[in-house]
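*Asks:* First the structure, which I've put down as structure tokens, then a few questions once you've had a look.
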Amino acid sequence: MIAAAGLGGALLLLAAQPSVSPSPVPAPAVAPASQFAPPLGQPMAYRVTTRRLGRDGRLISFSLTYALQWQRAGRGYQLVATLQRIDSDARPEVARALTAVLQPLVGEPMAYLVAPDGSRIELVDAEGLWERAMARTQALGATAGQAEAQQMAALIAALPIEQRNEMASADIRALVAAANAAIPASGGASVSIRRDGAMQMVAQVERESLAAGGAEQPLETDNLWTIDTATGLVVRDQRQSWIVEPGSAARTLVEERVRALEPAAKE
């Protein structure tokens, strides 16, 4: 599940080490059919925010802000994503570790090749990207947070290369409806689909159990995808996981992830 979390979510998983561990999620359904026509030459801003329960019982957040630019590449497309900002409200030592690992990537364009129908996304020079990030982290010298950052870098380096590459592409795959395998293909008891003009809203509730404090507790996860059917892009993707109190309607938020696509701010 680290790969599916994307860069920010994966780092929080490695750093926060929460006391709750959800059971494995069933294999995802196939995303609904939608035309794919990304906005060529139109700068976009993409913000991915993850909040997760930390060791102290407090939700900590980690946000990545990207600048996106689409262009034609042969029969398909190329998406250039440039990480612009990293924000976190975690404890100083944790925030330093999280931001230091990805800081070498700030300002560096990451190119993705996307199939004409949006069904496949491939990060260009994935191995080179990680090599540069890890090398720069190891070369931090005597700066504050060096030990924490190098420890985090070592945890990432220990992951299989395929998992690291999937982690680096997870947020971008989530952006394209045809590549986002988590979106249910049709309605059902736990899924609702509605339209509002060009926007399609897909909601899903997942129910499972998790081990917490030596006992099994009910876990509910609310998913909501908002898809622009004119472009095939997911303009908003929100996932919230809640522990449900036994015999009560009360719920406690343990994790939240929001991916939001917006026009780039004018300078």
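*Asks:* Would you point out which residue out of 84, 78 is open to solvent by 60 Å² or more (accessible area, probe 1.4 Å), in contact with a strand residue (DSSP E or B) (Cβ under 6 Å, 6 or more places away or on another chain) and either at pLDDT below 55 or over 24 Å from residue 202 (Cα atoms) (or both)?
*Replies:* Result: 84 is the single residue among 84, 78 that is open to solvent by 60 Å² or more (accessible area, probe 1.4 Å), in contact with a strand residue (DSSP E or B) (Cβ under 6 Å, 6 or more places away or on another chain) and either at pLDDT below 55 or over 24 Å from residue 202 (Cα atoms) (or both).
Yes or no, residue by residue, for (1) at pLDDT below 85; (2) open to solvent by less than 50 Å² (accessible area, probe 1.4 Å):
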position: 192; (1), (2): no, no
position: 211; (1), (2): yes, no
position: 214; (1), (2): yes, no
position: 226; (1), (2): no, yes
position: 240; (1), (2): no, yes
position: 251; (1), (2): no, no
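*Asks:* Let me ask something else. Give me the pairs: first residue in the stretch 64-90 and in a strand (DSSP E or B) and basic (Lys, Arg), second residue modelled with pLDDT of 90 or more and open to solvent by 40 Å² or more (accessible area, probe 1.4 Å), beta-carbon distance under 8 Å, and six or more apart or on different chains, which are they?
*Replies:* 72/40; 72/78
*Asks:* Ok, one more. Look at residue 93 and say whether it is touching a residue at least 40 places away in the same chain (Cβ under 8 Å), open to solvent by 30 Å² or more (accessible area, probe 1.4 Å), assigned to a helix (DSSP H, G or I) and over 19 Å from residue 262 (Cα atoms). Reasoning before the result, please.
*Replies:* Working: touching a residue at least 40 places away in the same chain (Cβ under 8 Å): yes; open to solvent by 30 Å² or more (accessible area, probe 1.4 Å): yes; assigned to a helix (DSSP H, G or I): yes; over 19 Å from residue 262 (Cα atoms): yes.
Here the answer is yes, as residue 93 does meet what is asked.
*Asks:* Scan the stretch 105-127 residue by residue and report those that are open to solvent by 50 Å² or more (accessible area, probe 1.4 Å) and assigned to a strand (DSSP E or B).
*Replies:* 109, 113, 122
*Asks:* With respect to residue 234, is the statement that it is under 20 Å from residue 123 (Cα atoms) and in contact with a helix residue (DSSP H, G or I) (Cβ under 8 Å, 6 or more places away or on another chain) true?
*Replies:* Details: under 20 Å from residue 123 (Cα atoms): yes; in contact with a helix residue (DSSP H, G or I) (Cβ under 8 Å, 6 or more places away or on another chain): yes.
It is true that residue 234 is under 20 Å from residue 123 (Cα atoms) and in contact with a helix residue (DSSP H, G or I) (Cβ under 8 Å, 6 or more places away or on another chain).
The values are calculated or read from the model by the stated rules, or taken from the named source; none is laboratory data. Note that the structure is a prediction, hence the values are computed from the model and not measured. Don't worry about glycine lacking a Cβ; one is built from the backbone with ideal geometry, like all the others, and counts go over all protein chains shown. The area values use the complete protein model at the heavy-atom level, side chains included, leaving out ligands, DNA and RNA. Shrake-Rupley method; radii C 1.70, N 1.55, O 1.52, S 1.80 Å.
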